[in-house]
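Structure first, then comments.
The values are calculated or read from the model by the stated rules, or taken from the named source; none is laboratory data. If you're wondering where the values come from, they're calculated on a predicted model, not measured in any experiment. Methodologically, a virtual Cβ is constructed for each residue, glycine included, from the backbone with ideal geometry; neighbour enumeration extends over all protein chains shown.
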């Protein structure tokens, strides 16, 4: 379930290419120890997460994985997903497609950020 990346070897080492000539949004996200992002999905984008530190636990659909530094995981459009941290840790998030923070549908959120619209979408999603 990992978006294909390209490794190019050079005389001095190598580089890993995550996107070439694509419309992307790139963020480095820091999750505090014990922090947990919303269980959410997106209609208009696929995401590639690259763990920069160990200590992250990713959930995509029914799959749960402890991530080591450098490990990658792809989140398909429409997939329920979240990430949590056993200790303070960072990950690189590359969003492919139309990026819009309003594209987030939250199903669970420990910080109380589920709106009425999210609740409607959540019920509709569960019905599928």
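I'm told residue 37 meets every condition in (1) surrounded by 14 or more Cβ atoms within 10 Å (Cβ to Cβ); (2) under 12 Å from the mean Cα position of the chain (by Cα); (3) farther than 20 Å from residue 108 by Cα except one. Can you identify the failing condition by its number?
(3)
Quick check, is residue 7 part of a strand (DSSP E or B) and surrounded by 14 or more Cβ atoms within 10 Å (Cβ to Cβ)?
no
Between a residue in segment 86-101 that is in contact (Cβ under 8 Å) with a residue 60 or more places away in the chain and any residue that is surrounded by 16 or more Cβ atoms within 10 Å (Cβ to Cβ) and outside any strand (DSSP E or B), which pairs come within a Cβ distance under 7 Å, given they are 6 or more apart or on different chains?
90/52; 90/53; 91/52; 92/52; 94/18
Here's a check for you: in segment 10-30, which residue that is part of a loop (DSSP other than H, G, I, E, B) and out of contact with any strand residue (DSSP E or B) (no Cβ under 8 Å at 6 or more places or on another chain) is farthest from residue 84 (Cα to Cα)?
Among them, the one singled out is 11.
Suppose the filter is assigned to a loop (DSSP other than H, G, I, E, B) and modelled with pLDDT of 95 or more; does residue 33 pass it?
For residue 33, the condition - assigned to a loop (DSSP other than H, G, I, E, B) and modelled with pLDDT of 95 or more - is met.
What's the number of the condition residue 1 fails, among (1) under 13 Å from the mean Cα position of the chain (by Cα); (2) modelled with pLDDT of 95 or more; (3) exposed (fewer than 15 other Cβ atoms within 10 Å of the Cβ)?
Condition (2) is where residue 1 drops out.
Scan the strands (runs of 3 or more DSSP E) fully inside segment 40-107 and keep the ones with 3 or more residues being under 13 Å from residue 29 (Cβ atoms) and in contact with a strand residue (DSSP E or B) (Cβ under 7 Å, 6 or more places away or on another chain).
45-51, 81-85, 89-97
Restricting to segment 16-34, name every residue that is surrounded by fewer than 11 Cβ atoms within 10 Å (Cβ to Cβ) and farther than 21 Å from residue 111 by Cα.
Result: 17, 20, 21, 22.
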